[in-house]
Amino acid sequence: MEKLRVKLLAFANADDGVYTRGKKRFLKVLNKDQVEFVDEHPDVLLFLTGGSERAAVTLVEEYKFYLMLACSDDNSYAAATEVKAWCNQNHVYTHLADLDQPNLPLLVEDFYHVKNGLLRLKGKRLGQIGNVSDWLVASTISPFVLSTRLGIELVKLDWVELPSRNDLSAPSYFAEAYAGPGKHIDSAKMEEAGKVYEQLARAISTHNLQGITVECFPLVTDCKVSACLALSKFNGDLLTAGCEGDLCSAAGMMLAREVCEVVPWMANTVGINNGMGLFAHCAVPLNLLKEFSLDTHFETDEGLAVQGYLNAKEVTIFRVDSTLSRIFISKATVKRIPKMKSACRTQVEVALTESATEYFRNNPFGNHHLLLPGNHVQRLKLAANALKMIIVE
């Protein structure tokens, strides 16, 4: 993990005491092991006094994202406000915060993880196995946009390029992940699902992939075996695995994996009604569930899929658009875990904000949305600012 590079800013010829007091005050809100104080190329601009504006703008680089910190003493905040205005005028993305706000330690911690997460994302390889499913008319991202915006390299593979499942055996640990008291598993179906897992695992290893999205419906319709269990296990093991060839979801999953350190659940938008949102899908990450059972794949009634109970009281819902220029982010409260027969096996109903309801009704970026247990709004917003994305709430 790279340290945050912090620049202390004060008026010209300020004595050493000004800097010593500022450094001590800042270190009260952050782990000393996460920062280093520098004279150039900073990530954090810490305003100690007024008269520091000109020095600040000479340090700023257009392509970077800065955390700006100030307080009410010695015209610190006045200087930061002026510099913030200059940055806005010059299209430099910044986040300004008060040193005395109670949640500052969490903000700086989130900024630290965003910086390092985005660095880790660069150079990652996403395998698209098969095509984008025909019905996903708004969920394709060009390889050029993936590369220039997120640093992700897209690797396109056909199913026929993967090892033949007929020559493979399911690894023993695969079935063990789904075993447990009271679970009755069709051993033949589990063996076939495990072969899909092994087929994908070998492709991941051979092509050095850190994420995959698979065109799964031909597999289940033609071969009577689903990829749901394989994808669920990969996601639970923190290797992002999306379905239907959805590149928007895959990109968002990889972003969340590095920035939030959790792989989200990719879910269908089943319904939006009276301020409630219903979401469902089968390939939910196993580590996000408090309990689960196995059922068939919903649309085809073939193979195996996960019917799970999300372990969360609140979730963060988000999705990127097909140009990676906009991101929807909203927190929602879990109200119910339904078990409808008319939707994919794992389901959750949440209470949406008024603005989120408006988004889903009038300006959704697509069907699939990503759900993270807990509140990850601040970290995702910081990442969006760093990537110069427009945030929709």
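Every number in this text was worked out from the coordinates using simple rules, so none of it is lab data. Note that the coordinates shown come from a computational prediction; the quantities given were computed from them, not determined experimentally. Here the Cβ positions follow ideal geometry from the backbone for every residue, glycine too, while neighbour counts run over all protein chains shown.
At a glance:
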item	result
For the chain, Kirkwood radius (reciprocal of mean inverse C-alpha pair distance, Å)	22.6
Nearest-0.05 FRET efficiency for Asp98 and Lys341, computed from C-beta distance (R0 51 Å)	0.50
Counted charge near Phe360, where neighbours are those whose Cβ lies closer than 15 Å (Asp, Glu -1; Lys, Arg +1)	-1
Val270 long-range amide H proximity, modeled H, under 5 Å	Leu278, Phe279, Ala280
Nearest-0.05 FRET efficiency for Leu238 and Ile185, computed from C-beta distance (R0 22 Å)	0.35
Model label zone, Lys156; criterion: amide N under 20 Å from point 7 Å along Cα-to-beta-carbon; scope the stretch 176-217	203-204, 207-217
Full-extension gain in nm, Lys122 to Ser172, via 0.36 nm per residue minus C-alpha separation	14.6 nm
Candidate aspartates and glutamates for bridging to Lys313, where Cα separation is under 14 Å - those fewer than 8 sequence places away on the same chain excluded	Glu349
Listed pairs Lys3/Lys156; Lys7/Lys64; Lys183/Lys341 exceeding 25 Å between Cα atoms	Lys3/Lys156
Mean Cβ count within 10 Å, highest first, over the residues of peptides 311-318, 108-115, 33-40	108-115, 311-318, 33-40
Built amide H within the under 5 Å cut-off of Leu154, gap 5+	Leu126
Hz values of 3J(HN,Hα) by residue in the stretch 228-242 - Karplus curve (6.51, -1.76, 1.60), Gly and Pro given as x	4, 5, 4, 5, 4, 5, 4, 5, x, 8, 6, 10, 5, 9, x
For the stretch 1-81, fraction of C-alpha pairs farther apart than 19 Å, in %	31
Per-pair calculated FRET efficiency, R0 = 25 Å: Thr81 and Lys23 via Cβ, rounded to 0.05	0.65
Relative contact order %, the chain, counting alpha carbon pairs below 8 Å whose residues are six or more apart	14
Histogram of C-alpha separations across the stretch 86-225, 10 Å bin width, %	9, 26, 25, 20, 13, 6, 1
The stretch 227-271, relative contact order in percent, only Cα pairs under 8 angstrom and at least six apart counted	29
Mean Cα-pair separation over length for the stretch 188-251, i.e. relative contact order, pairs under 8 Å, 6 or more apart, %	37
Inter-label distance for Phe144 and Asp33, nm, one decimal - labels placed 7 Å from Cα along Cα-to-Cβ	4.4
Where Rh is the Kirkwood radius over Cα pairs, Rg/Rh for the stretch 271-352	1.00
Label point distance in nm, Asn131-Lys224, each placed 7 Å from Cα along Cα→Cβ	2.6
Nonlocal amide H pairs with Phe37, under 5 Å, H built at 1.01 Å	Val6
